[in-house]
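Throughout, read-outs are computed from the coordinates displayed, never taken from laboratory work. No experiment lies behind these values; they were computed from the predicted model shown. Cβ placement follows ideal geometry from the backbone for every residue including glycine, while neighbour counts extend to all protein chains displayed.
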Amino acid sequence: MNRRPTPGASGRTWWKTALGVFFTAVMLFPVYWMFNVSLTRTSDLRADPPHWFPWAPTTEGYQAVLAQQLPALGTSLLVGLGCVVLTVVIAAPAGYAVAQLRLPGRGTLNFLLLVAQMIPAVVMAMGFYAVYVRLGLLNSVGGLIVADSTIAVPFGVLLYTAFMAGIPRELLQAARVDGANAWRTFVSVVLPLSRNSTLTVALFAFLWAWSDFIFASTLDRNGDLVPITLGIYQYIGNNTTQWNAIMATAVVASVPAAVLLVVAQRFVTAGVTAGAVKD
Amino acid sequence: MVLALPAPRRRPSTRGSARGWTAAGFAAPLLVYLVLFYAYPLWRNVDLSVHDYTIRAFVQGNAEFVGLEKYAEIFASDTFTTALTNTAIFTLASILFQYAIGLALAVFFRSGFRLSTLLRAMFLVPWLLPLIVSASTWAWMLSSENGIVNSFLGAFGVPQINWLTSPDTALLAVTIANIWLGIPFNLVILHSGLQSIPGDVYEAASLDGAGPWRQFWSITFPLLRPVSAITLLLGLIYTLKVVDVIWVMTTGGPGDTSTTLAIWSYREAFGTGQPDFSPAAAVGNVLIVIALVFGFLHLQIQRRQEDS
């Protein structure tokens, strides 16, 4: 590392770094605490004062996760991936239609998509429940995938539209001159160019489906396959003594978020600064 | 949720109709999707609220039409006033503190320092965690007997607080957790807003002898006003909908003391052994109306900013 301080950098701002580390530590304390409790022995859970550090770490909690929650993790993975596929398949062509093909009524459509994002999930859940009860889709993974995708589809279309509107028209015209029709242009020019948008959309679609509790707890609560969020919830309801197991499940359920933050932080910030809001 | 994007405007073409059909083809899956999975459930929800649905009527589909009776019932209910007040307190306190803390942090992180990018990225963590994870962690931290928060306060001589089980503190407890959840979003949006304020404005101000405090109030805050308005409104629309956090921490209790409109709706429909869908749907529709009022305000502000 270059040891010569650049003006205003290391020398004069070390206290800012220190303060920043302090703020981050305070902010992330609940996350640390979740981790700490997940490693605490059941007998130490009720210790007063609580153990600030797991001096005698145990894997009891994680063993319980492995023994009981693997199917739930699998279900969440399935729901998340299903939601990604459904979202991208619907949003990408729609974005192309709005951004490049001058879809008639695109202004109205844009408006509807913005409004759609403002509808509370609890209302959607009731509507879906009423529909699914008749169709027999309650407690099915497919039904949950469709419901979860409603969080991500409007976001996906708007994100694709924003990006695809910026693709130079010359590029698409060149493809047309070479004899490609709209579909061919979409598949071999537009989609590859929109790779980063697809990654951002997929990332959020997965994360939102993985994190969903409202739809899971209303449409899939008696299912054979429940997602991990419901697994945690049922845990809380059942054995309130084993908070180390609950917190261990919570830690495991947080893994995708952590992985995405490390691997794809660029896309996370891209999604947020494009104006993404959770839910 | 995405901020309003300008719909791409182009001059109308003379041979537009074939193109129009192609466009419709590409948009068709979305249009079908919106009708089936947005419009239809929402319609069913309206339908629920104007009928008297019991579980049996639900399956058989022969519920009695009662018009606006369910709406009259919920407006007359004691819970309505409580839920409305709680929604207002929960929402306003959440967005104000999220905004103030988010803005303070954004200003702090503005002048990059060693590790600042990494630390700022770590601030995203609470935002990315599943809500149920955060909510259950907070529930355990705030637990009366074994909670770390009470243990910490106890070191300063504060007597035990029953955060989640006392009528006086339940709403406060869920609000604190929700503020924590919203800080990352405010930080990220406000931080990117700050980037668009040119640095030489600050240089000029500092040459004129304006200190950091003065600079904040006469430059940062006024110039950030458009971004602030959007951030606060989006936060408001989002906070109105919150169910997970409150439900997991207090289920709206004790009594109705932490019941918001969203929680009330959820509880009527799914939270008790006996689902009561009609009033739940009515409450839900009231909530939609409130959300849309602020939603349109948001779109209005957004449009005005694009025009200017």
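Estimated from helices alone, the mean residue ellipticity of chain B at 222 nm is -21000 deg cm²/dmol (sum of -39500 (n - 2.57) over DSSP H runs with n ≥ 4, per residue).
Taking the empirical scaling 2.2 N^0.38 Å for compact globular proteins as reference, the range A:10-60 has a Cα radius of gyration ratio of 1.57. Peptide A:148-160 has a mean shielding of 3, counted as Cβ atoms of other protein chains within 10 Å of each residue's Cβ. Provide B:T81, A:T249 in ascending order of the number of other Cβ atoms located within 10 Å of each residue's Cβ, fewest first. Ascending number of Cβ neighbours within 10 Å: B:T81, A:T249.
Here the gap between B:S77 and B:I89, fully extended at 0.36 nm per residue and compared with their Cα-Cα distance, gives a gain of 2.4 nm. Per-residue ellipticity at 222 nm from helix content only, as computed over chain A with -39500 (n - 2.57) for each DSSP H run of at least four residues, stands at -23000 deg cm²/dmol. Among the residues of B:37-48, the average count of other protein chain beta-carbon atoms within 10 Å of the residue beta-carbon is 6.
Sites count as exposed loop sites when they are trypsin sites (Lys or Arg not before Pro), lie in a DSSP loop, and have at most 13 other Cβ atoms within 10 angstrom; the longest stretch of chain B without one is B:16-308. Using DSSP H assignments, which helices in chain A have an axial alpha-carbon span of 18 Å or above and a mean Kyte-Doolittle hydropathy of 1.6 or higher? Going by DSSP H runs, the hits are A:70-99, A:121-135, A:141-164. With each label modelled as a point 7 angstrom along the Cα→C-beta vector, the B:Q274-A:F53 pair spans 5.5 nm. Counting neighbouring Cβ atoms within 10 Å and putting the fewest first, the residues B:E69, A:E170 line up as A:E170, B:E69. Please compute the net charge surrounding A:T229, taking Lys and Arg as +1 and Asp and Glu as -1 over other residues with Cβ under 12 Å from its Cβ. Spelling it out: positives minus negatives among the neighbours equals -3. Please state the Cα pair-distance histogram of the protein assembly as shown with 10 angstrom bins from zero: what percent is in each bin? Taking all Cα pairs of the protein assembly as shown, the binned fractions are 3, 16, 25, 26, 18, 8, 2, 0, 0 percent. Amide H to amide H, with H built 1.01 Å from N, B:H51 comes under 5 Å of B:V66, counting only residues 5 or more places away or on other chains.
With a cut-off of 12 Å between beta carbons, the residues surrounding A:E60 carry a summed charge of 0, where Lys and Arg count +1 and Asp and Glu -1.
Both radii come from the Cα set of the range B:74-307: Rg as radius of gyration, Rh as Kirkwood radius; their ratio Rg/Rh reads 1.03.
Taking every full run of DSSP H in chain B, the ones that stretch at least 30 Å from end to end by Cα along their long axis and average 1.0 or higher on the Kyte-Doolittle scale are B:78-110, B:170-195.
Among A:G231, A:G142, A:G156, which one shows the highest mean-square fluctuation when chain A is modelled as a Gaussian network with alpha-carbon springs under 10 Å? In this elastic network of chain A, the residue with the biggest mean-square fluctuation among A:G231, A:G142, A:G156 is A:G142. Cβ crowding within 10 Å, taken as a proxy for footprinting-reagent exposure, orders A:W243, A:W15, A:W183 from fewest neighbours to most as A:W15, A:W183, A:W243.
Between the range B:60-120 and the range B:164-185, the alpha-carbon centres lie 11 Å apart.
Build a GNM of chain B with springs between Cα atoms under 10 Å apart, and of B:G61, B:G209, B:G235 the one that fluctuates most is B:G209. A crude spin-label estimate for the pair A:D44 and B:W21, with each label 7 Å from Cα along the Cβ direction, gives 7.2 nm. Where a ≥ b ≥ c are the square roots of the eigenvalues of the C-alpha gyration tensor, would you call chain A rounded, which needs a/c under 1.5, or, failing that, prolate if a/b is larger than b/c, or oblate? Oblate is the answer for chain A, as a/c is 1.5 or above yet b/c matches or exceeds a/b. For chain B, a Gaussian network of Cα nodes joined below 10 Å ranks B:L233, B:L34, B:L223 by mean-square fluctuation, and the top entry is B:L34. With the simple model of a label 7 Å out from the Cα in the direction of the Cβ, B:Q60 to A:W183 spans 4.9 nm.
Scanning chain A for trypsin sites (Lys or Arg not before Pro) that sit in a DSSP loop and have at most 13 other Cβ atoms within 10 Å, the longest stretch containing none of them is A:47-279. All other residues whose Cβ lies under 11 angstrom from that of A:V189 are scored, Lys and Arg at +1 and Asp and Glu at -1, for a net of +1. Between B:I301 and B:A39, take the C-beta separation as r, use R0 = 30 Å, and let me know the FRET efficiency to the nearest 0.05. The value I calculate is 0.65.
Rounded to 0.05, the FRET efficiency of the A:L171 and A:F111 pair, given R0 = 45 Å and the Cβ-Cβ distance, is 0.95. Here the extension length gained between A:L19 and A:R221 equals 68.2 nm, from 0.36 nm per residue of separation less the Cα-Cα distance. Taking 35 Å as R0, compute the FRET efficiency from the Cβ-Cβ separation of B:R110 and A:V255 and round it to 0.05. E(calc), rounded to 0.05, equals 0.65.
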